[in-house]
Amino acid sequence: MTLNPTAYSDLDRQFINGIWRSGRSGKTLSNTNPYDGSVINAISLASADDLDDAYCAAETAQQQWALTSHGERSALFLRVLSILDTRKEEIIAWLVRETGATLLKATVEWNALRGGTLEAIALPSRVEGKIMPIDIPGKQSFVFREPLGVIGVISPWNFPMHLSNRSIAPALALGNAVVVKPAEDTPVTGGLLLAKIYEEAGLPAGLLNIVVGDVTEIGDVFTLHCAPKLISFTGSTRVGRRIAELAVTGKRLKHVGLELGGNAPIVVLDDADLDVAVRAAAFARFFHNGQICMSGNRIIVDTTLYDEFVERFVDHVRTFKVGDPADPATVIGPLMNLKQKEAALQNIAMARAAGFEEKLGGEVDGLLVPPHVFAGVPNDSAFAQAEQFAPVAPIIRANSEQEALQLANATEYGLSSAVFTRDLGRGLRFARKIEAGMTHINDISIQDSPFNMFGGEKNSGIGRFNGDWILSELTTDHWITLQDTPRNYPF
């Protein structure tokens, strides 16, 4: 491998069974830069037949891959890791250009991608079976843990490389094959760029397939196809419900892993360190323009600190630079697409119409929406209950710790959360009462560690990612007995 490799090219095709080829739908996707609207490339979209080819290739390739040694699979990820290091600047540039990510966010995503790959190196050797007791004389009982088979991955546009690879890497490490449908907003960073990396690392053909297609043509059939044993989906709760329905109504029942919407509370108790809480809440709300399912969506502050918190929070957020994501000083870049912008403007209009205190705002320029902060927001308002996938912050007053907990839990979602207090015991007691898959004390709600559990409760999803949790999701138990002496049967 060279220290300065030639940049990847031909990222305008499907990757099926190890071959880069044009899609056969007759439709073309114009892939654009969210910041300046320039066309990055044009991709001929896949048809249902292309998808079928991808799933069939995965089924065939997986049978041999499951028989490979743990060492061989681990070695693949060592090579991938080296490629990620060598191509770091190229990958970050793609994330900035295709997703509108600031340099900070793109670098954070590259680090997450690298961390997940590093964890995948160890996964093959962590698969364990069991020898079980049994009451029948002369019989031995075993439980083997085997790969599921083919995994279908539908990934989002907000952290496309990381959230695609969060399923791809462990699936491959555990002996599965993968077919990925990346979001149409991020076909390159969500799939095609990863295919280039795995191809360069020497992954055998057919084990990773990237199918870029129109949801109206391959959306439902992606889940309904008989090949995948599990569909891993990251995205909205509305679409997640649809996938769950399809997974149980098709010809073959499927497992699902659903990481869905969020409305994370950031709770600031009456003894919190305001300097810490203000900066953390601002970062949790505005990192990547709030386009993260774990973003601090509601900021709930005890009444004794409320006024001072609001003043400090607004003063801090006012300093954020809005503009070109390629500028290292930029904090707020463009929203992903026109749909996200329209949703943001609707929510801002909703808050204004309801008479909430607009402490900070500004003029929209293209897909650039400056930070908006609203105080005096009731927790049960439609504005507070909406998932703000934009740089918009509702601040909510709580009259006591008990009310703060009640407000935090008063949402249909339960993905991530955070609480700020100087009393760590109090923080732990409070955290354990929050109805969420994840709670962080004196830190932001945006946390994802490759060897720690990730997942939500309520309408935020089903299943768990990372570490031993994803190992369980992507494998299945097979009970096998061995009768080594003849049995006496009753007839």
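With contributions of -39500 (n - 2.57) from each DSSP H run of at least four residues, the per-residue ellipticity at 222 nm computed over the chain stands at -12000 deg cm²/dmol. Cross-linked pairs 88/196; 254/433; 105/359: Cα-Cα separations exceed 23 Å for 254/433; 105/359.
Sum up the charges of everything whose Cβ sits under 12 Å from the Cβ of residue 97, counting Lys and Arg as +1 and Asp and Glu as -1, but leave residue 97 out.
Working: positive: none; negative: 36, 90, 98, 324.
Neighbour charge sum, excluding residue 97 itself: -4.
For the residues 479, 20, 157, 65, what sequence is obtained by ranking on other C-beta atoms within 10 Å, fewest first?
Values: 479 10, 20 17, 157 23, 65 20.
If I rank by nearby Cβ atoms, fewest first, I get 479, 20, 65, 157.
Neighbouring Cβ atoms within 10 Å as the yardstick, rank 25, 381 fewest first. List each step's numbers first, then the result.
On the way: 25 20, 381 16.
Listed from fewest to most nearby Cβ atoms, that is 381, 25.
Here the translational diffusion coefficient of region 62-108 follows from Stokes-Einstein with Rh set to the Kirkwood radius across Cα pairs; for 37 °C and 0.692 mPa s it amounts to 260 µm²/s. Using the Cβ-Cβ distance between residue 93 and residue 303 with R0 set to 60 Å, the FRET efficiency from 1/(1 + (r/R0)^6) comes to roughly 0.80. Less than 13 Å from a label point 7 Å out along the Cα-to-Cβ axis of residue 403: which backbone N atoms in region 362-397 qualify, by residue? Answer for region 362-397: 376-380, 396-397. Across region 84-99, computed HN-Hα scalar couplings (Karplus, 6.51 cos²θ - 1.76 cosθ + 1.60, θ = phi - 60°) run 4, 5, 5, 9, 3, 5, 5, 5, 4, 4, 5, 5, 5, 6, 8, 9 Hz from first to last residue, x flagging Gly and Pro. Rounded to the nearest 20 debye, the dipole magnitude of region 346-491 is 380 debye, with +1 charges on Lys and Arg beta carbons, -1 on Asp and Glu beta carbons, and the Cα centre as origin. Annotation: for a label point projected 7 angstrom from Cα along Cα→Cβ of residue 21, residues of region 44-87 with backbone N closer than 13 Å are 46-58.
Spatially, region 230-268 and region 73-151 are offset by 21 Å when compared through their Cα centroids. Coupling constants for region 211-221 follow from the phi torsions by the Karplus curve (6.51 cos²θ - 1.76 cosθ + 1.60, θ = phi - 60°), and in residue order they are 10, 9, x, 6, 4, 5, 9, 10, x, 5, 5 Hz; glycine and proline get x. Taking amide H as placed 1.01 Å from N in the peptide plane, residue 208 has its amide H under 5 Å from the amide H of 178, each at least 5 places away in sequence or on another chain.
Rounded to the nearest 5, what % of DSSP beta bridges with both residues in the chain are antiparallel? Write down the numbers at each step before the final one.
Values: 30 of 66 bridges.
Bridges in the chain that DSSP calls antiparallel: roughly 45 percent.
Only four residue types carry charge here, +1 at the Cβ of Lys and Arg and -1 at the Cβ of Asp and Glu. Report the dipole size of region 305-397 about the Cα centre in Debye, rounded to the nearest 20. Present the calculation step by step, with values, prior to reporting the outcome.
On the way: 8 positive and 13 negative charges, 25 e Å.
Dipole of region 305-397, to the nearest 20 debye: 120 debye.
With a simple spin-label model that places each label point 7 Å from the Cα along the Cα-to-Cβ direction, the separation between residue 128 and residue 484 comes to 2.3 nm.
Annotation: the residues 345, 253, 123, sorted from fewest to most other C-beta atoms within 10 Å of their own C-beta, follow the order 253, 345, 123.
Taken as Cα centroids, region 411-444 and region 314-333 sit 28 Å apart, rounded to the nearest whole angstrom.
Apply 1/(1 + (r/R0)^6) to the Cβ-Cβ distance of residue 345 and residue 139, taking R0 = 45 Å, and write down the FRET efficiency to the nearest 0.05. Show your work: numbers first, answer last.
Details: r = 68 Å, r/R0 = 1.51.
Once the sixth-power term is evaluated, E becomes 0.10.
Kindly state, to the nearest 0.05, the FRET efficiency for residue 316 paired with residue 9, given R0 = 41 Å and r defined as their beta-carbon distance. Display every interim value, and only then the final one.
Details: r = 43 Å, r/R0 = 1.05.
So, using R0 = 41 Å, E works out to roughly 0.45.
FYI, it's all coordinate maths here, none of it is from the lab. Since the model is a prediction, treat every value here as computed from it, not as a measurement. Note: ideal-geometry Cβ built from the backbone for every residue, glycine included; neighbour counts use all protein chains shown.
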